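The values are calculated or read from the model by the stated rules, or taken from the named source; none is laboratory data. Remember, predicted model here, so these are calculated numbers, not experimental data. Neighbour counts are summed over all protein chains in view; Cβ atoms, including those assigned to glycine, are modelled from backbone coordinates with ideal geometry.
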Amino acid sequence: MRNAIQGAEVRRTDVDSRRRWWILGTMTAARAMVAIDALAVLVALPVLQREFDVPYTDLPWIVNSFLLSYAGLVALGGRAGDALGRVWVFRAGVLVFVAGSVAGGLAQSLGWLLAARVAQGAGAAFLRPTAEAITVAQFGRHERGRAMGIASSVSTFFYGSAPLVGGALTTTFSWRAIFFLTLPVGMACVAAVHMLLPRAERAHAPVDWRSAPLLVGGLGCVLIAVMKARDWAWASPTVLGLLAAGVLLLGTLVRRELRLAEPIIQLRLFALRGFGSGTGVLAAVRFSYIGFSVFSVVWLQDVLGLTAVEAGLLLLPLTLPSVLVGPVGGMLYDRLGAPLPVAVGGALVAGGMTATAVALPHQSYPWLLPLWTAMGVGIGLVSIPAFSEAYNSTPPDLRSQASGVLETTREVCAALGLAVMGMLVAHVQGARILELIRQDGRIPPDRLPEVERSIGRAVASPEGSGLPAGIPADLLPALKEAVTDAVSTGFYTLGAITLLAMLPAVLLLPRRPPGRSAEPGEDGAGRPA
């Protein structure tokens, strides 16, 4: 009898173990789905610009609509999972994300697509933090590191390969395939959760729902003002009014969060030296990386004339090295602390951007390959040490909130960086092309928007046949130089901003390996006391 009971217990343990790993696979698939759909669309931007016939200044919104929604809601998503039930919130997040993806795949206009991207960002904001919490809850301390390592590696791999996946789908089928790919994956995740996780009753703890609209509204006003400044003029009442409204909403948010006992964005965490400096490093890199990636893809296709899959393949040096070098950054952090790997990585990122700006006028990819590889290595060296320092410097009882604050800060800075890059490219490109067509004299200056929209189509067409009637084909090389000059100017600016933003953060990083001293609430090994 005893042997039978022991055998039953062993079988039950084996079943529970397999169930936990199946749950891990489900959560990892959901996170990978978000990573692919969020980034794969980058390589389709020039194709979308030609299909919807919109100006370059509108392209960043395809990325920023997702980032704005995600950044404004991710902290709320994590809090909602804790308060209302993680399984329920995860399932709802997946369904919203899938619905937004399908809507994006069916989009017939830019406005339609932007609304779908907002829905995707909202779904991802509730999906990702609850997926991580569900994963952590399934494993004991002796298995948790291995499980999270596997989940992180798989998600990072898909994150790194997303541009190639997006390029292959766009070139082989259509840009719409990027969005429809989500449907089977998302439905499989919902079905797996239904079978693997028990139906827990929904909790009813209080959630601060009012703060998210303040963040989304305030950030949205600022982004719209910056990105449309060329069209509306900086001194116009519309731009100034939007900037004032954004400052007012964000100021109200800060005041509200500081007064609440349980805010969704715990701003007091920035008073911790390690958290503030680590988050500052990650925000600086994110600020520059998204804008750099978007306009690198646009330049590869609209100046060099590459296909989407070729652009996705050539973008891999920016992404895959960070996957491979990330563990090295983690080991350096364990032995030496954060300052050295962060300083070296930051120098590679800022230097790579500046060198790319210098090399871009050659209009040749071989010049860029070593520079982009160095940037990818730099991002890998920066990311894990900066994140680890921010996380380890936070008291254990605040680490869930710290994760939400860090994620929100990174994505807010990504959206702002893309807006700044878009504004710079729009201003410089418009000025260069306007000067060009005035000197040429064959095109009326009022056709500037039409000329800008036609460059990519002309490059992709044989012998400039994609140019509209009345725009001479012999003007195309000069137009390509104008685009290159504008993108190069943006890269110079991003490199300088990255360097200036990272310097104080690196100087403020604690100069100690994590095992030699401890922040309050931890022992000498960086573990909760």
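Condition check: free of Cβ contacts under 8 Å to residues at least 40 places away in the same chain and either among the aliphatic types (A, V, I, L, M) or in contact with a helix residue (DSSP H, G or I) (Cβ under 9 Å, 6 or more places away or on another chain) (or both). Does T307 satisfy that? No: the conditions fail for T307.
Okay, residues lined up against (1) at pLDDT 90 or above; (2) within 23 Å of the chain's Cα centre (by Cα):
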residue	(1), (2)
L197	no, no
A212	no, yes
G218	yes, yes
L243	yes, no
L250	yes, yes
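For the structure I just gave you, tell me whether A355 is hydrophobic (A, V, I, L, M, F, W, C), closer than 28 Å to E132 by Cβ and crowded, with 18+ Cβ neighbours inside 10 Å. For A355, the condition - hydrophobic (A, V, I, L, M, F, W, C), closer than 28 Å to E132 by Cβ and crowded, with 18+ Cβ neighbours inside 10 Å - is not met. Identify all residues within the range 93-115 that are closer than 14 Å to V34 by Cα and among the hydrophobic types (A, V, I, L, M, F, W, C); write none if there are none. Residues satisfying the conditions are V94, L95, V96, F97, V98, A99, V102. V63 falls short of the stated requirement of being in contact with a Phe, Trp or Tyr (Cβ under 9 Å, 6 or more places away or on another chain), of a type outside the set (G, A, S), assigned by TED's automatic domain parsing to the domain that holds V165 and assigned to a helix (DSSP H, G or I).
A quick yes/no check of all residues on (1) without any contact (Cβ under 8 Å) to a residue 60 or more places away in the chain; (2) surrounded by fewer than 24 Cβ atoms within 10 Å (Cβ to Cβ); (3) in contact with a Gly (Cβ under 9 Å, 6 or more places away or on another chain):
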position	(1), (2), (3)
V74	no, no, yes
R91	no, yes, no
L95	no, yes, yes
G111	yes, yes, no
V118	yes, yes, yes
L127	no, no, yes
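Would you confirm whether or not the range 237-252 contains a residue that is out of contact with any helix residue (DSSP H, G or I) (no Cβ under 9 Å at 6 or more places or on another chain), more than 30 Å from S388 (Cβ to Cβ), surrounded by fewer than 21 Cβ atoms within 10 Å (Cβ to Cβ) and without any contact (Cβ under 8 Å) to a residue 12 or more places away in the chain? For the range 237-252, residues out of contact with any helix residue (DSSP H, G or I) (no Cβ under 9 Å at 6 or more places or on another chain), more than 30 Å from S388 (Cβ to Cβ), surrounded by fewer than 21 Cβ atoms within 10 Å (Cβ to Cβ) and without any contact (Cβ under 8 Å) to a residue 12 or more places away in the chain: present.
Filtering V328, V342 for residues that are assigned to a helix (DSSP H, G or I) and under 20 Å from the mean Cα position of the chain (by Cα) leaves a single hit, V342.
What residue, among those in the range 427-472 that are under 24 Å from A308 (Cβ atoms) and of a type in the set (G, A, S), is modelled with the lowest pLDDT? Once the filter is applied, the top-ranked residue is G464.
Put simply, of A35, A71 the only residue that is modelled with pLDDT of 85 or more, of a type outside the set (S, T, N, Q) and in a helix (DSSP H, G or I) is A71.
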